[in-house]
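The values are calculated or read from the model by the stated rules, or taken from the named source; none is laboratory data. These numbers come from a predicted model, not from an experiment. Positions of Cβ are generated from backbone atoms using ideal geometry, with glycine treated the same way; all protein chains shown enter the neighbour counts. Areas reflect the complete protein model, heavy atoms only, side chains present, ligands, DNA and RNA absent. Shrake-Rupley method; radii C 1.70, N 1.55, O 1.52, S 1.80 Å.
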Amino acid sequence: MRTGVPLRQPPWRHGLLALVVLLAVCGAGIGLYVNERVARQKTLTVGAKQAPRDRVDVEAAVSRTNPEQHTTTLQLTATAHGKYSDGSGLPVKDITLITTAPDDNTLLFKADSTAWLKEISLPLTEGTLSDYPFDRYAASLAVGAMVGHEPVPVTLRFRDQDPAFVVTPHQTGYEEEVAIVVADVKRSRSTFILAWFMIVAMWAVALAVLVACWLVVRQGRGLLWGALGWMAGSLFALVGLRNAAPGNPPNGSLLDYTAFYWAEALIALSLTRLVLHGVLVEHRTGGPVPEPPHPATLRSPRFRHRPGPRRVRTGDRRGSATRH
């Protein structure tokens, strides 16, 4: 029995391993999506520990966040209960909601109204957009209700529905029939993943162009138009990739200083270096530098075929002597 000879794995095992890795990656992605989706569907309830029968329920859903305008938009709906309701959730008297929205902080919920939906915009405090994709903000919401001059108990249900940002409440309070929520606002997990992919891709493309330029210069080749076209295409392709970043980050953001500016500079310098090198080489040689032959086409002289002496059969020799 021979030892030390590696056993050859069947080809189907490599395919099975690739399939397992692919399923694991897809499963991890689906798991991350489900985790983020479940986290967004959670509703935070702020109000009295024991909700009174006579109250107003206010639903506040974050619909979108605009860091350029430094605002976040919420959709408010209200439902009356107890003596403030006609039994179907409609108010029997006009209810006034008071919020911390700077533009329209007083909202009227009219009696017997069949539909009530209002949008308010809250200012974002702290943070700056130039920190993209690591920018952080804070927002606070306070909601109270009045019927005439009488305060009404309020139960606030707060949830996040903005796909581009994660709004996480970190402080709540309920004082004097007013519900308060203070939340942190940051980019969603999907935005972080795409931003990190862009950073890695930009550096990978830039380093690939740099290595290719070094190899061409080291080998002393002339103008390689295919390589030059690829480098020029990469230079402009990264601009389109950067402009596709979610959230429209401004010029000069952290993403630019981390990857984009450096990648563009490396590609532009490599392209310029390669062109200057190719021009000098072809000017010195008087024309394009021919491509070197492939090593497989070269044969060593000792292996060249040499014609040997021709062997003549006996019958052929007799025939030749008879003719002479």
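For the reader, a short list of remarks on this structure follows.
- Pairs, first under 12 Å from residue 91 (Cβ atoms) in region 49-60, second among the basic types (Lys, Arg), C-beta under 9 Å, six or more apart: 54/83; 57/157
- Tally of residues being hydrophobic (A, V, I, L, M, F, W, C) and open to solvent by 40 Å² or more (accessible area, probe 1.4 Å) across region 225-267: 11
- Output for region 107-132, where each listed residue is open to solvent by less than 20 Å² (accessible area, probe 1.4 Å) and either of a type in the set (A, V, I, L, M) or under 19 Å from residue 160 (Cα atoms) (or both): 107, 120, 122, 124
- Boolean, residue 46 is under 24 Å from residue 247 (Cα atoms), of a type in the set (A, V, I, L, M) and touching a strand residue (DSSP E or B) at 6+ places or on another chain (Cβ under 7 Å): no
- Within the span defined as region 47-63, one or more residues are of a type in the set (D, E, K, R), under 30 Å from residue 126 (Cβ atoms) and open to solvent by 30 Å² or more (accessible area, probe 1.4 Å).
- Within region 178-224, the residues that satisfy the criterion of being basic (Lys, Arg) and under 25 Å from residue 168 (Cβ atoms) are 186, 187, 189.
Every residue, every condition in (1) in contact (Cβ under 8 Å) with a residue 24 or more places away in the chain; (2) basic (Lys, Arg), yes or no:
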{"position": "212", "(1), (2)": "yes, no"}
{"position": "218", "(1), (2)": "no, yes"}
{"position": "236", "(1), (2)": "no, no"}
{"position": "250", "(1), (2)": "yes, no"}
{"position": "260", "(1), (2)": "yes, no"}
{"position": "272", "(1), (2)": "no, no"}
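- Of the residues making up region 67-106, those that are closer than 30 Å to residue 253 by Cβ and open to solvent by less than 40 Å² (accessible area, probe 1.4 Å) number 6.
- Tally of residues being part of a loop (DSSP other than H, G, I, E, B) and either among the hydroxyl-bearing types (Ser, Thr, Tyr) or in contact with a helix residue (DSSP H, G or I) (Cβ under 6 Å, 6 or more places away or on another chain) (or both) across region 105-133: 5
- Residue-level check: of (1) open to solvent by 60 Å² or more (accessible area, probe 1.4 Å); (2) assigned to a helix (DSSP H, G or I); (3) touching a helix residue (DSSP H, G or I) at 6+ places or on another chain (Cβ under 8 Å); (4) modelled with pLDDT under 95, residue 221 misses just (2).
- Taking every residue in region 61-81 that is over 23 Å from residue 146 (Cα atoms) and touching a residue at least 60 places away in the same chain (Cβ under 8 Å) and pairing it with any residue that is assigned to a strand (DSSP E or B) and open to solvent by 50 Å² or more (accessible area, probe 1.4 Å), at least 6 positions away or on another chain, the pairs with Cβ-Cβ distances below 6 Å are 63/75.
- Filtering region 68-108 to residues that are modelled with pLDDT under 85 and within 43 Å of the chain's Cα centre (by Cα) leaves 89, 103, 104, 105.
- Residue selected from region 22-43 under the condition in contact with a strand residue (DSSP E or B) (Cβ under 9 Å, 6 or more places away or on another chain) and basic (Lys, Arg), by the criterion least open to solvent (accessible area, probe 1.4 Å): 40
- Of 228, 207, 215, all but one fail to be at pLDDT below 95, out of contact with any helix residue (DSSP H, G or I) (no Cβ under 7 Å at 6 or more places or on another chain) and either outside any strand (DSSP E or B) or among the aromatic types (Phe, Trp, Tyr) (or both); the exception is 215.
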